[in-house]
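Q: Supplied in structure tokens, the structure appears directly below.
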């Protein structure tokens, strides 16, 4: 069970995010607070696996200052908007998903961040010039939890048959997930998909 601390100034937003988490079998809200209440002692007391922050009317400066004030390096997922927010937030190695993201997208992002992956919602980048990004920036569509598991095994050099045995699924199902990964990453081979994932920070070097 992944324990999530919900942080949002609007009580309706907090309630909505808490309800979203409660609908997932592997996620739960261990607490909900206003942004101004987010503090090290409270985080230590609730001991979440991940902190989910909704940007609301907060500026990127306020978000980064609050994050810097925390004395613990808890995984953070921001629900935010605006290119400047995305650029400055992700440059700190933090994950972000768009405010219009549906429940499935949010829950998938939470699982990915919990696994130590960097998530950057591609919907937030659609209208931005790629010249604003570093040359080695790689934008990838988020994978499902199962696709992430398959990807990690691909990086380990496992065959489809070996992956099927590891995950307890059929070889045909593994082929389906591999094809989905190749499609989302625009890769022509398993090796290229792994390389793209490493470049994007989704897999460790």
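The values are calculated or read from the model by the stated rules, or taken from the named source; none is laboratory data. Just so we're clear, the structure is a prediction, and the values are computed from it rather than from any experiment. Neighbour counts are summed over all protein chains in view; Cβ atoms, including those assigned to glycine, are modelled from backbone coordinates with ideal geometry.
Q: From the set of residues in the stretch 15-36 that are buried (at least 20 other Cβ atoms within 10 Å of the Cβ) and out of contact with any helix residue (DSSP H, G or I) (no Cβ under 7 Å at 6 or more places or on another chain), which is nearest to residue 56 (Cα to Cα)?
A: Taking the candidates together, the pick is 17.
Q: I'm checking my understanding of the structure. Among residues of the stretch 106-127 that are modelled with pLDDT under 75 and outside any loop (DSSP other than H, G, I, E, B), which one is surrounded by the most Cβ atoms within 10 Å (Cβ to Cβ)?
A: Step by step, filter the stretch 106-127, then rank; the result is 124.
Q: Going by the structure shown, is residue 196 at pLDDT 85 or above and either surrounded by 15 or more Cβ atoms within 10 Å (Cβ to Cβ) or assigned to a helix (DSSP H, G or I) (or both)?
A: no
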